[in-house]
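The next block holds one structure in the form of structure tokens; read it before the comments.
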Amino acid sequence: MTSMAASRNLGFQFPWNFSNAKKENMEVLKLRLYSSCNTNMLNNKRRFSLVTANSHSSPQKVDTVNGTKVNGIHVVEAPLSGSKLANESAADAALVTSLRGRFVEGRFVYRQIFAIRSYEIGPDKTATMETLMNFLQETALNHVTSSGIGGDGFGATREMSLRKLIWVVTRIQVQVQRYSKWGDEIEIDTWVDAAGKNGMRRDWIIRDHYTKEIITRATSTWVIMNRETRRLSKIPCEVKQELVPFYLYRIAVASEEKDCEKIDKLTDETAERIRSGMAPRWNDMDANQHVNNVKYIGWILESVPIEVLEDFNMTSMTLEFRRECQQSNLLESITTPTARIIGESNNSINRKPDLQYTHMLRLQDNKSDVVRARTEWHFKSK
């Protein structure tokens, strides 16, 4: 993106007959080249803000990225020259703000924009469920960081960090109306609310950035865990005081569409397909030293029939997290068709699913379930 912007700012202008150019034309050419190069240099200075404490000393590290301190030393942005640069600066600032996210609706809702990249799509050139889950997770973390209450933990508040506490998700439901294509831009809104006495609910809505069509809804419940003992904890009063100002009583998934049904535990007898020998890698671990929640989706799909993956879209997924998974564990993925009659589901956004499946990830050695899941699928329209 930077190289493209730089190319636009060069603005080379040559006479039609360069070989027969007169002296005055050459002078005009030199002036334009000089002016354009200066403009480009100013842009580069403004964008990268490489400032040193002393021009004769060794270079310092970049102190700020889009106005955020990096190594603790304040850096002043290079001055702008001319209204054109000022206009570009405002446009750049607006773009950076939208990409990094911002608060809307009185700081109750946090909004962030994403573009669907080529490495975030599947064989059908649309975003995958894993991509959507990554977007939801990224928006949630940026919400906490931008709120001013973020601590030094991964999504934890300051009071949580002092007490060595972290958030863990226990259940998440995602409903997809349609999947975005490569190059599409989406915007995600997220907000939080209390869930019972010792939980927090986080909801998301994904829209097409330009048409504002709602294409995905998601809801989740979270509890607090001690990161050292790995035991669940009550939410301390100090943590509640941090969260309450951000609570918004609003639901993304309507009550009649929310998947509250128990997800059955699968066994060797009830499973239709079993895939064994899946091992978490180092890169599958997150900052809280357990397997990243999004990684489970790929393992769940390992036991789904290939013809389902090819001919159907997953339109609903509910994940129920039962226990942590460590890097040393081996997993088994189990899938079986749901016994319910097709069309009985309440969480398909008024569309009867063509297929329903129950899934489970379990530890291979002792058969303990790690994640239970339920999915719904619709036939892809040709």
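The values are calculated or read from the model by the stated rules, or taken from the named source; none is laboratory data. Everything numeric in this text was worked out from a predicted model, so none of it was measured. A quick note on method: Cβ atoms are made from the backbone with ideal geometry, for glycine too, and the neighbour counts reach across all protein chains shown.
Just to check your reading of the model, which residue among 268, 259, 286 is outside the structural domain of residue 165 (by TED's automatic domain parsing), surrounded by fewer than 17 Cβ atoms within 10 Å (Cβ to Cβ) and within 28 Å of the chain's Cα centre (by Cα)?
Checking each option against the conditions leaves just 286.
From the residues in the range 230-283 that are closer than 27 Å to residue 146 by Cβ and small (Gly, Ala, Ser), which one is modelled with the highest pLDDT?
Only one residue tops the list, namely 252.
Where residues in the range 301-318 are among the β-branched types (Val, Ile, Thr) and out of contact with any Phe, Trp or Tyr (no Cβ under 9 Å at 6 or more places or on another chain), which of them is surrounded by the fewest Cβ atoms within 10 Å (Cβ to Cβ)?
Among residues in the range 301-318 that are among the β-branched types (Val, Ile, Thr) and out of contact with any Phe, Trp or Tyr (no Cβ under 9 Å at 6 or more places or on another chain), the one surrounded by the fewest Cβ atoms within 10 Å (Cβ to Cβ) is 306.
Here is a check on your reading of the model: is residue 332 at pLDDT 95 or above and surrounded by 20 or more Cβ atoms within 10 Å (Cβ to Cβ)? Please lay out each step first, then the result.
Working: at pLDDT 95 or above: yes; surrounded by 20 or more Cβ atoms within 10 Å (Cβ to Cβ): yes.
When the stated conditions are applied, residue 332 passes them.
Based on what the data block shows, is residue 218 surrounded by 15 or more Cβ atoms within 10 Å (Cβ to Cβ) and either on the phi > 0 side of the Ramachandran plot or assigned to a loop (DSSP other than H, G, I, E, B) (or both)?
no
Rundown of residues vs (1) modelled with pLDDT of 90 or more; (2) among the polar types (S, T, N, Q); (3) surrounded by fewer than 17 Cβ atoms within 10 Å (Cβ to Cβ), yes/no style:
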{"site": "104", "(1), (2), (3)": "yes, no, yes"}
{"site": "112", "(1), (2), (3)": "yes, yes, no"}
{"site": "116", "(1), (2), (3)": "yes, no, no"}
{"site": "120", "(1), (2), (3)": "yes, no, no"}
{"site": "129", "(1), (2), (3)": "yes, no, no"}
{"site": "150", "(1), (2), (3)": "yes, no, no"}
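Considering 287, 218, 279, 271, which residue is touching a residue at least 60 places away in the same chain (Cβ under 8 Å) and in contact with a Leu (Cβ under 7 Å, 6 or more places away or on another chain)?
So the residue among 287, 218, 279, 271 that is touching a residue at least 60 places away in the same chain (Cβ under 8 Å) and in contact with a Leu (Cβ under 7 Å, 6 or more places away or on another chain) is 218.
Identify, please: which residue in the range 245-275 is touching a strand residue (DSSP E or B) at 6+ places or on another chain (Cβ under 8 Å) and not in a loop (DSSP other than H, G, I, E, B) and is, among those, farthest from residue 374 (Cα to Cα)?
Step by step, filter the range 245-275, then rank; the result is 246.
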